[in-house]
Amino acid sequence: MRILLIEDSAALRANLTEQLEHAGHEVDVALDGRSGLLLALAGDYDVLVLDIGLPRLDGIELCRQLRAQRGTGPLVLMLTARDTLEDKLEGFAAGADDYLVKPFEGAELLVRLEALARRSSRKETAVLVVEDLRYDLGELRVERAGRTLTLNRVGLRILRELMSVSPRVVTREQLELVLWDGYSPEGSVLRSHIYALRKAIDVEGLVPLVHTVRGIGYRIAREEGA
Ligand code: CA
């Protein structure tokens, strides 16, 4: 694997680099967040091993900016000295794929990296297509009639459910199960997500594709005769 290690502690950096290289990986290093981000954006890395406490730009912010600028990009394994749920949630919200709490053994890092790599090789590369609507699941990019649409995470999840069974209907219950583990925040929350999705997809001048099936759910398709 091509690994970018972003860590300001010289001792840890030297130690990890040695172990990773010994295991056959190619390792580049960055000593602070700012140069780490530049390298991550420019390079072709499989994984970032990213310390959270870094000078010039912390790991959380680095991850957030990387995801914003490169879409899916490389996998990110975060290193932190603190083991609290809040830290983990913050890391995952910023786009981290895994988490390791210091101090850890080099062997554990290797196991985690291999597990991550296995996960990413299964990463979807499929593209869903319904009429002129196109959803690249690998890149998380949605286009309609050649124009890129901006959708949030929930919108993307709903779209994937609808497009993968199109032209069939997906029930509200199915969507709630996928989105919120069956727990519905409130009936109107799903409706407002669908509203936003429809607004993004069915723009003026194009054939409407997002349809409500009253009392049942939603479907994405070109209606008969449309
Ligand atoms: Ca540090």
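Some notes on this structure:
- Rel. contact order, % - alpha carbon contacts under 8 angstrom, at least six apart, the stretch 127-220: 26 percent
- Across the accessible surface of the stretch 2-120, with the other protein chains kept in place and a 1.4 Å probe, carbon and sulfur atoms take up 51 percent.
- The stretch 40-121 shape via C-alpha gyration tensor axes, a/c threshold 1.5: oblate
- Anisotropy class of the chain from Cα gyration tensor, a/c 1.5 cut: prolate
- Exposure rank, largest accessible area first [199, 88; 1.4 Å]: 199, 88
- Each label was represented as a point 7 Å from its Cα along the Cα-to-Cβ direction; for residue 34 and residue 86 these points are 2.8 nm apart.
- Cα shape, the stretch 1-73, gyration tensor, a/c 1.5 rule: oblate
- If the segment from residue 195 to residue 171 were pulled out straight at 0.36 nm per residue, it would be longer than the present Cα-Cα gap by 7.1 nm.
- Helical segments meeting 20 Å axial Cα length and Kyte-Doolittle -0.5 threshold in the chain (DSSP H): 106-121, 187-201
- Accessible surface, the stretch 127-220, averaged per residue in Å² (probe 1.4 Å): 59 Å²
- Whole-percent carbon and sulfur share, accessible surface of the stretch 144-188, 1.4 Å: 46 percent
- Contact order, relative form, for the chain: 12 percent (alpha carbon pairs under 8 Å, 6 or more residues apart, mean separation divided by residue count).
- Pairwise FRET efficiency - residue 18 versus residue 157, Cβ, R0 = 35 Å, nearest 0.05: 0.25
- Per residue, the accessible area of the stretch 2-120 comes to 48 Å², computed with a 1.4 Å probe over protein heavy atoms only.
The values are calculated or read from the model by the stated rules, or taken from the named source; none is laboratory data. Being a predicted model, the structure only gives us computed values, none of them experimental. We place every Cβ from the backbone using ideal geometry, glycine too, and count neighbours over all the protein chains shown. These accessible areas exclude ligands, DNA and RNA; they are computed on the full protein's heavy atoms, side chains included. Shrake-Rupley method; radii C 1.70, N 1.55, O 1.52, S 1.80 Å.
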